[in-house]
Amino acid sequence: MKRIFSGIQPTSSMTLGNYLGAVRNWVDLQGPEFETIYCVVDLHALTQPQDPDALRTNTLSLAATLIAAGIDPGKSILFAQSHVHQHAELAWLFSCIARIGQLNRMTQFKEKAGKRRDEAYVGLYTYPVLMAADILLYKATHVPVGEDQKQHLELSREIAGSFNHRYGVDFFPLPEPQILGTATRVMSLRDGTKKMSKSDESDFSRINMTDEADLIAQKFRKARTDPHPLPEAPEGLEGRPEAENLVNIYAALARSSVEQVLAEHGGSQFSSFKQALTDVAVTALSPIAAAVNRLMADPAQLDAVLAEGAEKAEALAAPILADTRRLMGLAQRARG
């Protein structure tokens, strides 16, 4: 059976970009075709300094948002990465398979570290190896990824291939990317050339999944646009990144197409289109925000859901890690 693995960092609230670009696709993948494993990757969050209390709260909040968005713990395995220690151990084993040259090619490290690479944390440099461990620990066959993560998935494939070649086995699969959905890359509301990000300093650059209706309306009203009306065909969006972004968001939220959106709103000024976009967004997102609030009111139940998910994940991960250790020649611990 095909097996899906994907994860998301609990660094702050989930954004509309996370939802449309990834999480909604995760929801749609739940079903008989795939076994789905979804993870709150709190170990990855540690690549940047985190307030400990905030990280714990964000982990629960993100788990609640995933459930509210449609991730069903009865259909999928949902857990926190740090609750399954095999992730960290396999990452070390893979760090003895991966090569420096491979990590030097990772563009995200260059972007995040900038000109101060010598001051960057080792975890920021090596986290693609942990990502490979996340995926291969479950022998995932498919990984839903955005364009910015395809390079990391390719590293996972390279590590799997190197492991299999070194030990003369066909043990780890080479996971395939799954790029799905209309709005796989939602852009900032303040700059249509930049991806919508949880780390952007301006909260008005993004829609958070827990934003109330009035705040969603305010953010869309203040979203950057250009002085021209909406075109009547997609070709008219070329060279207009902010207009294209808002149309893409509308199409994704309405589960429509760009052509259909422009057929309905072509020729409109942005003031009226933004109001229509707000209405679509509030209709789609308000039930999710309400469900998050209900779930967060019972943190003990959320803890129980994550604990159950971790048990299911560990049941899959432990034998795969044990076989990996055996193939690499590590001595088995004697049991008294």
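The values are calculated or read from the model by the stated rules, or taken from the named source; none is laboratory data. Remember, predicted model here, so these are calculated numbers, not experimental data. In this analysis, Cβ positions are derived from the backbone assuming ideal geometry, glycine residues included, and neighbour counts consider all displayed protein chains.
So here's what we get for this one:
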| read-out | value |
| --- | --- |
| Residue in the stretch 250-257 that is in contact with a helix residue (DSSP H, G or I) (Cβ under 7 Å, 6 or more places away or on another chain) and closer than 30 Å to Leu327 by Cβ present | no |
| Helices (runs of 4 or more DSSP H) fully within the stretch 82-179 counting 2 or more residues that are at pLDDT 90 or above, touching a helix residue (DSSP H, G or I) at 6+ places or on another chain (Cβ under 8 Å) and small (Gly, Ala, Ser) | 86-95, 122-136, 150-167 |
| Selected residue (only one of Ala304, Ala313 is among the hydrophobic types (A, V, I, L, M, F, W, C) and surrounded by fewer than 16 Cβ atoms within 10 Å (Cβ to Cβ)) | Ala304 |
| Conditions (1) within 30 Å of Leu93 (Cα to Cα); (2) outside any helix (DSSP H, G or I); (3) in contact (Cβ under 8 Å) with a residue 40 or more places away in the chain; number of the one not met by Leu189 | (1) |
| Among the residues listed as Ser76, Ser13, the single one being surrounded by 17 or more Cβ atoms within 10 Å (Cβ to Cβ) and either modelled with pLDDT under 95 or in contact with a Cys (Cβ under 8 Å, 6 or more places away or on another chain) (or both) | Ser13 |
| Residue check for Arg56: more than 21 Å from Ile207 (Cβ to Cβ), of a type in the set (D, E, K, R) and in a helix (DSSP H, G or I) | yes |
| Hey, Val305 modelled with pLDDT of 95 or more and not assigned by TED's automatic domain parsing to the domain that holds Val27 or not | no |
| Only listed residue being touching a Leu at 6+ places or on another chain (Cβ under 8 Å) and farther than 25 Å from Val292 by Cβ, chosen from Phe273, Phe220, Phe204 | Phe273 |
| Of all residues making up the stretch 1-47, the number that are of a type outside the set (Val, Ile, Thr), assigned to a loop (DSSP other than H, G, I, E, B) and out of contact with any Leu (no Cβ under 7 Å at 6 or more places or on another chain) | 8 |
| In the stretch 186-214, residue surrounded by the fewest Cβ atoms within 10 Å (Cβ to Cβ) [restricted to those that are of a type in the set (Asp, Glu) and over 17 Å from Thr65 (Cβ atoms)] | Glu201 |
| Test set (1) farther than 18 Å from Leu43 by Cα; (2) without any contact (Cβ under 8 Å) to a residue 12 or more places away in the chain - Arg157 fails condition number | (2) |
